[in-house]
Amino acid sequence: MKRFAIMLLICMVAAGTAYSERKPAEDFTFEAAQKQAYWYSLYNVPHLTMFSGMGKIMKGGGMTGIIEWLKGGGVKKAELVKDMYMISSVYRQGDPHFIQQVDPENKKSMGWSRDKMDRTLDPSAQAFTIIKSVAKNFHRDYHETTNNQRVAIAMYPEAKEMARLLAEKMIDDKGRFVSLSAEGKKQNPQAFDQIAVLWAFSDLALVASDPELAPYNDLDLAWWSVKMADRAFKATQILSPRSIIEKSLAIEAYGRYAAAAENSRLRRDALKAIRAFARRIIKDSPKTVTEMGLAVYGLTEAFRVTGEYDFLSKAMTIFNNDMESLWDTKAGVYANTRGAGKYVYTPFDVGSVLAALNAVIWYAIPPYENPLDSGPSLARKRYIRFFENAVVLSGMQQAAHLLLVEPLYLDREPKIHFVHPSLPQPEKAGGRFGKAPVYAGEVTYDGNRWKVTDSRFKTSDAMFLATMSVILNRHQVDCFIPLNRLTARVLADSGI
């Protein structure tokens with residue numbers, strides 16, 4: 001028995017820091033939580049799109065086109081071919097354990113088992129990966145060095161390939177975007193997918209025409225993306241949003257579409273629909289913390305677009321009253337529903353809560369019920385504990401990867417901005433060779449401890465959480481509607 005215990009201890013040490021061993025950090029601040037949120041999203045994105053091989057790997061002519069684009073950004077062919085898997089699509093899910101000894105000089109050594117990948121192609125998985133890959137401020141925060149700029153610019157052509165896949169192979173005969181099975185068979189359309197695709201094509205159009213992002217400018221791509229956004233907008237009308245979650249995310253997607261659309265009539269239709277969605281959300285009654293979080297997010301965005309204070313007032317009521325009634329001080333997270341005996345979180349659930357907290361922190365305006373314990377003050381306090389528990393101590397973020405952090409940043413900021421002290425590095429995260437520093441598919445709190453109940457990487461959920469993991473840059477946050485672009489469009493329509 002003693003020998004067994006010793007062997008078990010050795011196995012646990014070899015596997016790295018288990019989630020049951022993770023402990024809160026001393027003096028974990030709001031700034032540390034926000035910075036870690038950024039870096040964990042950065043760890044997730046390249047491991048999906050460049051290292052894992054979890055998608056169709058680019059070869060031949062497609063790869064040649066990618067190389068030419070990258071060379072224009074100062075990346076040599078040898079650098080790319082040597083150590084990266086570039087992909088033109090992302091699969092639904094996969095096992096993030098490494099299948100060989102990792103060589104820091106060869107990123108392909110961090111590949112995942114292709115036999116354990118669900119090769120279904122979901123529209124939302126492509127869409128949220130596009131959204132994160134072209135996110136404006138994500139690529140301006142901590143992308144100061146040549147190596148970081150290389151990673152940033154390499155994501156852009158991948159995003160274009162995913163957009164082309166959506167346009168050419170993932171539309172049914174009614175113009176709706178649909179999943180493709182591993183065998184290439186089209187699945188039934190989902191309203192959620194139409195919304196995500198609209199958001200993605202709108203973002204691609206905005207980035208391709210943004211004067212502040214000259215390296216990404218491509219007027220032909222911008223024109224094409226607007227046309228595809230028009231099709232996606234129609235798809236959301238054919239298969240209209242019904243749930244609170246769908247309506248809330250539709251507000252976000254419609255706001256971005258209104259900023260990107262060339263057709264003033266379609267823009268007016270989108271802005272009118274935002275009001276209708278917000279009013280419907282106000283009449284609905286969110287039951288789960290995920291619904292509440294996205295309702296706060298969507299209503300705050302509706303307020304920012306329309307100026308109707310009733311939308312923000314309702315958002316604040318949901319946050320200060322409904323969400324707060326679910327807060328569990330011991331667990332450091334919100335209960336999923338009132339009276340829940342255990343709490344189950346996916347990356348989508350966590351992203352929905354972070355969306356609400358960030359909305360309140362950045363865009364709520366006074367008066368507040370209690371300035372010291374409501375509104376932004378309360379949201380900051382909840383953000384610190386929720387993020388540490390739901391993302392780190394739960395085991396959802398399965399590892400960190402400081403090799404992706406340039407020494408320049410480590411030298412000028414506290415280490416806790418880049419990694420929580422409880423997180424292992426990939427090679428110590430479990431399994432024979434280690435595990436990628438990506439989000440687990442599901443974590444559960446049983447009233448006493450956290451457990452990872454699904455360690456698989458689920459692309460759509462993970463990239464949604466990565467999108468909602470933000471820090472403020474130049475007074476604009478990527479997961480909120482770019483009002484400057486929208487205002488310019490509306491003013492142009494008015495003839496002012």
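The values are calculated or read from the model by the stated rules, or taken from the named source; none is laboratory data. Just so it is clear, the model here is predicted, and its values are computed rather than measured. Note that we place each Cβ from the backbone using ideal geometry, even for glycine, and neighbour counts take in every protein chain shown. The area values use the complete protein model at the heavy-atom level, side chains included, leaving out ligands, DNA and RNA. Shrake-Rupley method; radii C 1.70, N 1.55, O 1.52, S 1.80 Å.
Here is how the numbers come out for the structure above:
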{"quantity": "Cβ-defined net charge surrounding ALA235, 9 Å radius [Lys, Arg +1; Asp, Glu -1]", "calculated": "+3"}
{"quantity": "Residues listed by number, region 215-238, amide nitrogen under 20 Å from ARG140 label point at 7 Å toward C-beta", "calculated": "215-219, 222"}
{"quantity": "Loop-exposed GluC sites (Glu not before Pro) per DSSP, neighbour cap 13 Cβ within 10 angstrom, longest uninterrupted part of the chain", "calculated": "213-368"}
{"quantity": "Difference of contour (0.36 nm per residue) and Cα-Cα distance, ALA492 to ASP115", "calculated": "130.5 nm"}
{"quantity": "GLU31/ASP173 FRET efficiency (R0 51 Å; Cβ-Cβ; nearest 0.05)", "calculated": "0.50"}
{"quantity": "At most 15 other Cβ within 10 Å, DSSP loop - trypsin sites (Lys or Arg not before Pro), region 372-436", "calculated": "ARG432"}
{"quantity": "Between region 304-369 and region 211-257, the alpha-carbon center distance in angstrom", "calculated": "25"}
{"quantity": "Net charge of neighbours whose Cβ lies under 10 Å from the Cβ of HIS417, counting Lys and Arg as +1 and Asp and Glu as -1", "calculated": "+1"}
{"quantity": "Probe 1.4 Å, protein heavy atoms only - accessible area per residue of the chain in square angstrom", "calculated": "41"}
{"quantity": "Solvent-accessible area, 1.4 Å probe, carbon plus sulfur percent, for the chain", "calculated": "52"}
{"quantity": "Scaled radius of gyration (Cα, divided by 2.2 N^0.38 Å) that region 176-303 gives", "calculated": "1.11"}
{"quantity": "Per-q log10 I(q)/I(0), region 378-459, q = 0.15, 0.17 Å⁻¹ (Debye; single scatterer per alpha-carbon; no solvent)", "calculated": "-0.62, -0.77"}
{"quantity": "Debye intensity ratio I(q)/I(0), log10, region 422-496, q values 0.12 Å⁻¹ (C-alpha model)", "calculated": "-0.59"}
{"quantity": "Relative intensity, log₁₀ I(q)/I(0), of region 246-355 from a Debye sum that treats every alpha carbon as a point, q = 0.12, 0.23, 0.24 Å⁻¹", "calculated": "-0.43, -1.17, -1.24"}
{"quantity": "Net +/- balance of residues flanking GLU161 in space, Cβ distance below 14 Å, scoring K and R +1, D and E -1", "calculated": "+1"}
